[in-house]
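> My questions all concern the structure below.
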Amino acid sequence: LTTEAFNKIFFLPQNNWPGIITALSKSLDEKHISIYLNDSKLFTFADSLGWTHAFPRASKENENQDLLSLVEANLGANKANYYLDRSYSLETTVGKEGEIKHRLRVSYVNRSPSDTFPAGKYKNRMRIYLPFGSKITSVLWGESNKTGEISGFVDYGRAGYSILLELSPKEQTTLVLDYSVPVKLEFNNGKASYKLNIIKQAGTLKDPLQWTITYPISYQLVSDQAKAIGPQEQTISTDLSVDRSFEVEFKK
């Protein structure tokens, strides 16, 4: 397969190269192609361009930044992913003392026509990565309370949680996660900034994403990245075709 792919690329007429370069660049940005190189210098260079898609480890530079990453693995020995639609809604609440809490909703639709291969049940081993010290307080899968079934781990200096979720053909269900993070707004000269990084899973498409942030009446939002939908509420509607980074600034 690799040989045929390279033959198709490198033996095309020169006038096709601009389109090839554009397609490769888009695939790298959207994590449909990832690069690994044995040469450490070249790998470092590729990593600096964001082409390796290495998961961001915790560091002093990002210790005050919020993070969310969902990684799914299909354990069903089928191709149910092809029939899957998903969308994300993240509701962030800022408390009076600057504390941060979240409610994440992930809506799934399994369009598989039957259990016959390549379609079928979607057996999803999901891993949720959050800032170290985060705590998931509630897990709902449709009408089922799955809080007791989630297990924790630590990786990349992040808090991780793992749970198995199953979605039958023609079924639609929403995962609801309530969690808190150790990130807190720290005001300096009456101003504080909050940054949220959402890391896309490699290979996924343009899953819709809506982020809503609610804050106390004593706070005023100065940045205009979000759209006002209420007196103390802002929202951003986008997708996860690439990693997303949101930053808002408050004053009081």
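> With the requirement that a residue be on the phi > 0 side of the Ramachandran plot and open to solvent by 10 Å² or more (accessible area, probe 1.4 Å), what does the range 119-138 give you?
G133
> Here is a further query. Filter the range 66-84 down to residues that are among the charged types (D, E, K, R) and within 15 Å of the chain's Cα centre (by Cα) and give me whichever is farthest from I198 (Cα to Cα).
Across the range 66-84, the extreme among qualifying residues is E72.
> Considering each residue of the range 170-181, count those that are surrounded by fewer than 18 Cβ atoms within 10 Å (Cβ to Cβ) and farther than 15 Å from R103 by Cα, and give that number.
Of the residues in that region, 3 qualify.
> Tell me, which helices (runs of 4 or more DSSP H) lie completely within the range 1-106 with 2 or more residues that are touching a residue at least 12 places away in the same chain (Cβ under 8 Å) and more than 30 Å from K251 (Cβ to Cβ)?
Hits in the range 1-106: 17-29.
> Quick check on I198: is it under 27 Å from H32 (Cβ atoms), at pLDDT 95 or above and surrounded by 13 or more Cβ atoms within 10 Å (Cβ to Cβ)?
In short, yes.
> Next up: Which strands (runs of 3 or more DSSP E) sit wholly inside the range 144-252 and have at least 2 residues that are within 20 Å of R105 (Cβ to Cβ) and under 16 Å from the mean Cα position of the chain (by Cα)?
Ranges flagged: 158-167, 172-184, 191-199, 208-214, 233-239, 244-251.
> Follow-up question, since we're still on this one. Out of all the residues in the range 72-84, is one or more at pLDDT 95 or above, under 22 Å from R57 (Cα atoms), open to solvent by 70 Å² or more (accessible area, probe 1.4 Å) and not aliphatic (A, V, I, L, M)?
No - not one qualifying residue is present in the range 72-84.
> Please go through (1) in contact (Cβ under 8 Å) with a residue 12 or more places away in the chain; (2) not in a strand (DSSP E or B) for I136 and return the number of the only condition it doesn't satisfy.
(2)
> To continue, here is another question. Quick check on the range 107-118: of everything there that is in a loop (DSSP other than H, G, I, E, B) and not β-branched (V, I, T), which residue is least open to solvent (accessible area, probe 1.4 Å)?
Step by step, filter the range 107-118, then rank; the result is S112.
> Can you pull out every residue in the range 1-56 that is open to solvent by 70 Å² or more (accessible area, probe 1.4 Å) and of a type in the set (F, W, Y)?
Passing the criteria: F6, F10, F11, W17, Y36, F45, W51.
> Check V222 against each of (1) under 19 Å from E99 (Cα atoms); (2) among the β-branched types (V, I, T); (3) modelled with pLDDT of 95 or more; (4) in contact with a Lys or Arg (Cβ under 9 Å, 6 or more places away or on another chain) and name the one condition it does not meet.
The single condition V222 does not satisfy is (3).
> What number goes with the only condition from (1) small (G, A, S); (2) open to solvent by less than 60 Å² (accessible area, probe 1.4 Å); (3) within 27 Å of D85 (Cα to Cα) that A192 does not pass?
Single failed check for A192: (3).
> With the requirement that a residue be touching a Lys or Arg at 6+ places or on another chain (Cβ under 6 Å) and either buried (at least 19 other Cβ atoms within 10 Å of the Cβ) or acidic (D, E) (or both), what does the range 139-162 give you?
V139 - this is the single residue of the range 139-162 that is touching a Lys or Arg at 6+ places or on another chain (Cβ under 6 Å) and either buried (at least 19 other Cβ atoms within 10 Å of the Cβ) or acidic (D, E) (or both).
The values are calculated or read from the model by the stated rules, or taken from the named source; none is laboratory data. Quick caveat: nothing in here was measured; it's all calculated off a predicted structure. So basically every Cβ, Gly included, is an ideal-geometry build from the backbone, and we count neighbours across all protein chains shown. All accessible areas refer to the heavy atoms of the entire protein, side chains included, with ligands and DNA or RNA removed. Shrake-Rupley method; radii C 1.70, N 1.55, O 1.52, S 1.80 Å.
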